[in-house]
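Rule-based calculations on the coordinates, nothing more; no lab input. Computed from a predicted structure; not experimentally measured. When we count neighbours, we look across all protein chains shown, and the Cβ atoms used for this are built from the backbone with ideal geometry, even at glycine.
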Amino acid sequence: MTTTTPNGFVLDNSGRRMVVDPVTRIEGHMRCEVNIDDQKIIRNAVSSGTMWRGLEVILKGRDPRDAWAFCERICGVCTGTHALTSVRAVEDALGITIPENANTIRNMMQATLWVHDHLVHFYHLHALDWVDVVNALKADPKATSALAQSISPWPNASPGYFRDVQNRLIKFVASGQLGPFMNGYWGNPAYKLPPEANLMAVTHYLEALDFQREIVKIHTVFGGKNPHPNWLVGGVASAINLDGPMAAGAPVNMVQLNLVSSIIDRTIEFVDQVYLPDLLAIGSFYKDWLYGGGLSGHNVLAYGDFPDRANDYGPDNLLIPRGAIVNGNLKEVLDVDLRDPAQVQEFVDHSWYRYPDENEGLHPWVGITDPNFKLGPNTKGTKTDIQQLDEDAKYSWIKAPRWRGHAMEVGPLSRFTIGYAKGIAEFKDPVDKVLTDLGLPFAALFSTLGRTAARGLEASWAAHKLRYFHDKLMANLKSGDLSTANIQKWEPSSWPKEAKGVGFAEAPRGALGHWVHIKDERIEAYQAVVPTTWNGSPRDTAGNIGAFEASLLNTPMADPEQPVEILRTLHSFDPCLACSTHIMGPSGEELTKVQVR
Amino acid sequence: MHHSEKGAVLVLGIGNILWADEGFGVRAVEALHQAYEFPAEVKLMDGGTQGLYLLPLVQDADILVIFDAIDYGLPAGTLKLVDDHDVPSYLGVKKMSLHQTGFQEVLALSAITGRYPAKVRLIGVQPLDLDTYGGSLTEPVRTQMESSVAAAIHFLVEQGYPPRRRMRGCVPESLCPSSVNLARYEAGIPLGGR
């Protein structure tokens, strides 16, 4: 049957149904079902979160100052961003301000996480959707060297270097222990790179692996405990004493700040000389593959992040701008107010939750998380073994968040689109340059490739902002301001009897908000709307489809039994964690059963 | 094999403390840390659900001890020891846990980069409940904490890193943030459970 959704997408569920499960793990497992027509083109898409994540329920009754430590365990990647958003929500509720240094250090923690996450996502999750590892064995190392030297001054580019990596790879593949490369659809015609580009990319995959261990040292310096940095309501956990000694638990000193500075230099170098040239080189072979745009050309949303000065979360002070674009109107960036009950709302009539009135959406401050697992009449299979979902009924553990009723896409492409629409040069210029270099029109930005490109440009933005914030921190420290925490309102006796707050940040994969209600010194209610909730949203009351669903429509598949095109597009959203490349066959025969209630 | 710090030992607890018995690994390494102190080259760590962030630590370890809740389909609370190159395949028996795939990949990547630890010992316990979000360890798993800790000590003594029991009343800072240490975590669970 063919239907047109209110947000303008044509769905036809008459063709063959295919299931891809799991698409990713952590932050709720994901499953995706599509209908393909006899031309092997996707005509209907259904995205489902198959695991309940009831953080809201766990936090009730807890000390609000502890909430960050729970929030950072939601997920294995966004730990820091969740912690940051949580302390911001509590500070907002209790009227706590933070010192300038704390704001700058938080921005550095966040920018570090962005670069790390984007880099790891590109090389360790997403590149393998574009790069054929096994095909790299056929590459001529000499030609690979010539290719590498033609696109970047990066020094590791000799024929001998690529030959060594190739030999390592040959040994590795021969051992049969493909490990992270095990589940690729190697040899699929959807892979377009010549062997040399494949070898170059795989080589940089290994280099990125070595490099990512450097970047995270910034977290260790400022966050103390590794791998779970410490966070603090009222500031940051690290004190600073420029002349202090090096010792476990001692304040951050000049030696460590210099280490951070040198890591920042190397980060800028790696992103600009390896990541970006690779992105362009790979993109140039796929510039005819411009599927996957989905919602991005229509509705995009960002809450904004990186407050330049402390305690000002207004739009003029956010270096990543806040705003919404609807119906593809780039001439107007609309204001976003996370406190307005009519703006961000979550719907559940297609989600496995219960509301008193499911025709209405709820603002997170009055949000309800009451699980209600039931399947529609057209479901195939059973509650513990679903063969096919019924998308006309409830079909996902993900709620459907809407902004003024619109389904929105969030993430790097949304952020760059908003920055571009606002005419801000640091977003507009790099986008224009990439499009010019690839010889593509502006509309090409709204695609899977555009999403992947925006992430790379954003990694470069964040790397350079690290330099900006480090300089800013040093200048402030040298002026004599060493303060990193404000403990005036640490004691609950200083709090109001009841308070509500909202904290927001831009996680690497998109807008993140935590809404908290504090009563009698305890958390009365807590709601988190995470980026994958926006992007992975199911249908809503009106029938609007979400960003993942929209992005898959009209994509032709080379071989439906090897859904590389689906993975490529879903992975371009960075749905979560690098380990999500583990994919079972489309028939789902090896599907791990996750018990749902 | 290249090792940047010859003789380094990493004792890692992995898992998600928010998912009942999934928290076993993190709780076990904490119990070991609270009761014993080790020579400087032995590092104890709450690995949580972290994936790639753990890779550098694994690469730098000569000897790696992992505490984890692993589903072997055995009776709940069964303790199982697995060694060296068998560990990744055991971690992948069932990909039901929130972190297993992630850590399996960490081990694979340490192998790819030629820096797989010379010795790996997995101390696993069969969980009873991985489904109660916001819950804590169940009895069968909790009663195995002591023998899991003993298994780690036995192995570390064998490897030449004997620990010392901490003095009575000497309480170290916890590995995980104190906000989520076992006592505080459980104190916040309402009567009747989550």
Calculated FRET efficiency for the pair residue A:554/residue A:173, C-beta based, R₀ 35 Å, to 0.05 | 0.50
Calculated over the stretch A:393-464: convex hull of Cα atoms, volume per residue (Å³) = 130 Å³
Hull volume in cubic angstrom per residue (convex hull over the Cα atoms of the stretch A:250-387) | 297 Å³
Can you work out D for the stretch B:9-174 in µm² s⁻¹ from Stokes-Einstein, where Rh is the Kirkwood radius over C-alpha pairs, the temperature is 4 °C and the viscosity is 1.567 mPa s?
-> 83 µm²/s
The stretch A:125-284 - Rg (one decimal) and Dmax (whole number), Cα, Å | 19.9, 60
At 7 Å along the Cα-to-beta-carbon direction for both residue A:259 and residue A:312, put a label point, then send me their distance in nm to one decimal.
-> 3.4 nm
Which value in nm describes the separation of the simple spin-label points at residue A:2 and residue B:85, placed 7 Å from the Cα toward the beta carbon?
-> 5.8 nm
Kindly provide log₁₀ I(q)/I(0) values, in the same order as q = 0.12, 0.18, 0.24, 0.28 Å⁻¹, from the Debye equation applied to equal alpha-carbon scatterers of the stretch A:198-261.
-> -0.41, -0.70, -1.00, -1.20
If you stretched the chain out fully between residue A:373 and residue A:337, how much longer would it get, using 0.36 nm times the residue separation minus the C-alpha to C-alpha distance?
-> 9.8 nm
Sort all Cα-Cα distances of the protein assembly as shown into consecutive 20 angstrom bins from zero, then give the percent of pairs in each bin up to the one containing the longest distance.
-> 16, 53, 29, 1
Asserting the computed 222 nm helical MRE of chain A (DSSP H runs at least 4 long, -39500 (n - 2.57) per run, divided by residue count, to nearest 500) equals -10500 deg cm²/dmol
What is the dipole size for chain A, taken about its Cα centre, with +1 at each Lys and Arg Cβ and -1 at each Asp and Glu Cβ, in debye to the nearest 20?
-> 620 debye
Mind scanning B:43/B:119; A:287/A:465; A:40/A:171 and naming the pairs with a C-alpha gap bigger than 25 Å?
-> A:287/A:465; A:40/A:171
For residue A:383, counting only aspartates and glutamates whose alpha-carbon sits under 20 Å away and dropping same-chain residues fewer than eight positions off, the answer is A:21, A:33, A:349, A:370, A:391, A:392, A:589, A:590, B:129, B:131
Of B:61, B:122, B:50, whose Cα points farthest to the positive end of the dipole of the stretch B:9-174 (charges on the beta-carbon: +1 Lys, Arg; -1 Asp, Glu; origin at the Cα centre)?
-> B:61
Please name whichever of B:16, B:137, B:174 sits farthest to the positive end of the charge dipole of chain B, dipole taken about the Cα centre and charges placed at Cβ: Lys and Arg +1, Asp and Glu -1.
-> B:174
Expressed as a whole number, the average count of other chain Cβ atoms within 10 Å around the Cβ atoms of B:179-189 is 4
With only Lys, Arg, Asp and Glu charged, each at its Cβ (+1 for the first two, -1 for the last two), find how big the charge dipole of the stretch B:9-174 is about the Cα centre; round to the nearest 20 debye.
-> 300 debye
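R0 = 51 Å: FRET efficiency of residue B:171 with residue A:273, Cβ-based, nearest 0.05?
E(calc), rounded to 0.05, equals 0.55.
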Once the dipole of the protein assembly as shown is set up with Lys and Arg at +1 and Asp and Glu at -1 on Cβ about the Cα centre, which of A:344, B:159, A:55 lies farthest towards its positive end?
-> B:159
Mind jotting down the distance between the C-alpha centroids of the stretch A:479-497 and the stretch A:108-156, whole Å?
-> 45 Å
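Looking only at other chains, what is the average number of their beta-carbon atoms within 10 angstrom of each beta-carbon in A:66-73?
Per residue, the number of nearby Cβ atoms from other chains is 6 on average.
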Burial ranking of peptide ranges B:22-33, A:498-509 (average Cβ count within 10 Å, highest at the top) | B:22-33, A:498-509
